[in-house]
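Here is the structure we will look at, set down as structure tokens.
The values are calculated or read from the model by the stated rules, or taken from the named source; none is laboratory data. It should be emphasised that the depicted structure is a prediction, and the values quoted were computed from it without experimental measurement. As a convention, Cβ positions derive from the backbone with ideal geometry for all residues, glycine included, and neighbour counts pool all protein chains shown.
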Amino acid sequence: MRAGVMRALTWRAPEIRLRNPGLWAIGSMSLVASFFIILPVLTIILSSFRVGLPGEFSPLTLANYREAFFDPFTWQVLVNTLFFALGTVVVILFFAVPSAWLIQRTDIPLKKLWLTLLALGIVIPTFLKAIAWILLLSPQIGIVNRLLIDAFGLSGPPFNIYNIWGMSFVQGVILTPPAFFMIAAAYKSMDPSLEEASYASGASGLVTFIRINFPLSLPAIIAATLYLFITAIEVFEVPGLIGAPARIFVFSTLIYYATHPEVGLPKYGLAGGYGMIVLVLALLGSYFYYRVIRQSHKYEVVTGKGYRPKLVELGRLRGLAILFLLIYFTLEIFLPFLTLVWASLVPYIQVPSAEAFTKVTLANYLKVPDYAGLRPFLNTALLMLIAPTISMVFSLILSWVVIRSKVKGRYVLDGVAFLPHAVPSILFAVALSYLALAYREFFPVYGTLTIIVLANSIKYISFGTRTVNGALIQIHHDLEEAAEVSGASKVKVLSSIITPLLGSALLNGWLWISLLAFREVTMALTLSSPKNVMLSTLVWNLWSAGYVPEAAALGVMMVFVLGGFLVLARKLGEKVIGGL
């Protein structure tokens, strides 16, 4: 008896190794997830060395690289891409840096409102905002242009959105919220003693911001700049809607039209060659990012001595600060959404006026069942339910293996899980399309909803694992060890203890991935067919075909559907978590 008690008291939890059937199942699922993540990346590389259609396994060749690199148009596209990315970053920094400082470091009122509006911007998908800005600033139909022409008797439209700078402006305004949240933490934790010393020496608030606040937040600003520069290189929606009609191509639109040509057969190999250029640019950006991170210790100002967080009093500048934020949110949320609503209520685009208001009608909403049908709504609903579920299940398994197990090479799995974030959506979709066509006899998923669900499930594993990793680290091993002493298997521990404790993180990750899948149009458009039409691709196709009021009406419905879904899912999720 005493020996048994002593053995129980001196029991130590064994290292978690994949040796029993349950753990083999978990390990196998993590390897399956890794396979589906790595396969598209390898496909991009391999396809760049082949010519012909998928399934025509020609010898490896450098023909695609010769065609890409010796074509002067490729270098013009590279210049366009870099100018677009740089312009986007300039717009982002113009709005994000002052906004982060005002909300985090000053006594500006209504802080919760500003933060709520920043989060609310994600409810309106990027491509809908791009459509709204075309309706506002197009030289032909732009409401703002027509208002200014009528008001001042101008001979022509003062604004033209169909250029690099118009693209950069729209994309920069849209990407400002993520930049804000990346920069805001640096301002929130900044030691105010340096600011006080600046004020004591007679410097003004502007001089203090330029010479103290801005330099101290430089690592966060540079990190956000590099991250969003890479993002701007990869995005497709704004360049596809604003740049392509004006024949202004960046690499994302060039890759799309290489696989969806107006005339002739798709050139997947050439798309792979273009894709390798994008990947190289992304890797260069990552290299410079890590160099910045390594030097970040030079900017440490929060210490254990004398740290006193204090807000800057704006005084007479408070009104100007509020006006700045109102201008940004008008550009980001209010103006695009109101433009979509107006376009959906009139039979054709026209300037708001007393006469125009007499033509307001709900006909475009009532006709939605006629031109949309049930399929896009059903496909979108299934995507929003299935893709985040698959993503979070595999994210949970991968994170558990990385954080909890002692398997050799587990951190390689974590790197693999982050890989989809580094691959542009357009390349990811092209790779899956290539694979589905090449092996359509064995896996008939091309043109089906399955391939879009698969694309979204894999693409957002990066976000899922980042979410689960942070939450799993906070759970102590004692609970698992106690369950194992009681005879519970590792699989039982994972399903009955770890999963309920991670309920909030899993719910947040699931909701965010569901939202991203709903908003996503790049992969859905690249993989689209009549059988797997989504709401996002339907709006895109209606707009491309010239059905502007119908596209606007369906876009407004998407915004309200998404808002209602988020509220409902949040309430149901909290009830489920509360019952666990």
Practice prompt. For the range 394-409, state whether one or more residues are under 23 Å from Thr537 (Cα atoms), among the small types (Gly, Ala, Ser) and crowded, with 24+ Cβ neighbours inside 10 Å.
Written response: no
Worksheet item: Just to be sure, is Asn145 farther than 16 Å from Leu241 by Cα, of a type outside the set (Gly, Ala, Ser) and out of contact with any Asp or Glu (no Cβ under 7 Å at 6 or more places or on another chain)?
Response: yes
Fill in: Selection status of Ser353, polar (S, T, N, Q) and within 18 Å of Arg146 (Cα to Cα)
yes
Practice prompt. Answer yes or no as to whether Leu78 is outside any loop (DSSP other than H, G, I, E, B), within 30 Å of Ile248 (Cβ to Cβ) and assigned by TED's automatic domain parsing to the domain that holds Asn163.
Written response: yes
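Enumerate the helices (runs of 4 or more DSSP H) found wholly within the range 291-394, keeping only those where 2 or more residues are closer than 30 Å to Lys531 by Cβ, at pLDDT 85 or above and not hydrophobic (A, V, I, L, M, F, W, C). Reasoning before the result, please.
Working: elements: 318-329, 335-345, 354-357, 363-366, 368-371.
Helices (runs of 4 or more DSSP H) meeting the threshold: 363-366, 368-371.
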Worksheet entry | Filtered residues of the range 340-363 (kept if within 30 Å of the chain's Cα centre (by Cα) and under 15 Å from Leu542 (Cα atoms)) | Leu340, Ala343, Ser344
Worksheet item: In the range 63-115, how many are surrounded by fewer than 22 Cβ atoms within 10 Å (Cβ to Cβ), within 22 Å of Tyr274 (Cα to Cα) and among the polar types (S, T, N, Q)?
Response: 3
Item to complete: Consider only pairs whose beta carbons are under 9 Å apart and that are at least six residues apart or on different chains; among these, list those whose first residue lies in the range 430-453 and is surrounded by 19 or more Cβ atoms within 10 Å (Cβ to Cβ) and whose second residue is in a loop (DSSP other than H, G, I, E, B) and of a type in the set (Lys, Arg).
Response: Tyr446/Arg440; Leu449/Lys531
Response to the item:
Residue count, the range 158-177, condition buried (at least 17 other Cβ atoms within 10 Å of the Cβ) and over 21 Å from Phe83 (Cβ atoms), comes to 1
Response to the item:
Conditions (1) more than 30 Å from Tyr434 (Cβ to Cβ); (2) among the basic types (Lys, Arg); (3) more than 25 Å from the chain's Cα centre (by Cα) -> Lys111 fails only (3)
Item to complete: For residues that are buried (at least 21 other Cβ atoms within 10 Å of the Cβ) and either touching a His at 6+ places or on another chain (Cβ under 8 Å) or closer than 20 Å to Ala179 by Cβ (or both), tally how many sit in the range 231-249.
Response: 8
Discussion item. What pairs come out if I take residues in the range 97-114 that are more than 17 Å from Thr176 (Cα to Cα) and pair them with residues that are of a type in the set (Phe, Trp, Tyr) and assigned to a helix (DSSP H, G or I) whose C-beta lies under 7 Å away, six or more apart or interchain?
Written reply: Arg105/Tyr187
Worksheet entry | Near pairs, Cβ below 6 angstrom, 6+ apart or cross-chain, from the range 374-389 (surrounded by 19 or more Cβ atoms within 10 Å (Cβ to Cβ)) to any residue that is among the small types (Gly, Ala, Ser) | Leu383/Ala517; Met384/Ser514; Met384/Ala517; Ala387/Ser457; Ala387/Ala517; Pro388/Ser514
Discussion item. For the list (1) within 18 Å of the chain's Cα centre (by Cα); (2) modelled with pLDDT under 90, I need the number of the one condition that Val235 fails.
Written reply: (2)
Worksheet, complete the sentence: In the set Ala524, Ala545, Ala505, the lone residue that is at pLDDT 90 or above, touching a helix residue (DSSP H, G or I) at 6+ places or on another chain (Cβ under 9 Å), crowded, with 21+ Cβ neighbours inside 10 Å and among the small types (Gly, Ala, Ser) is Ala524
Worksheet item: Only one of (1) touching a residue at least 24 places away in the same chain (Cβ under 8 Å); (2) hydrophobic (A, V, I, L, M, F, W, C); (3) part of a helix (DSSP H, G or I) is not met by Ile141, so which one is it?
Response: (3)
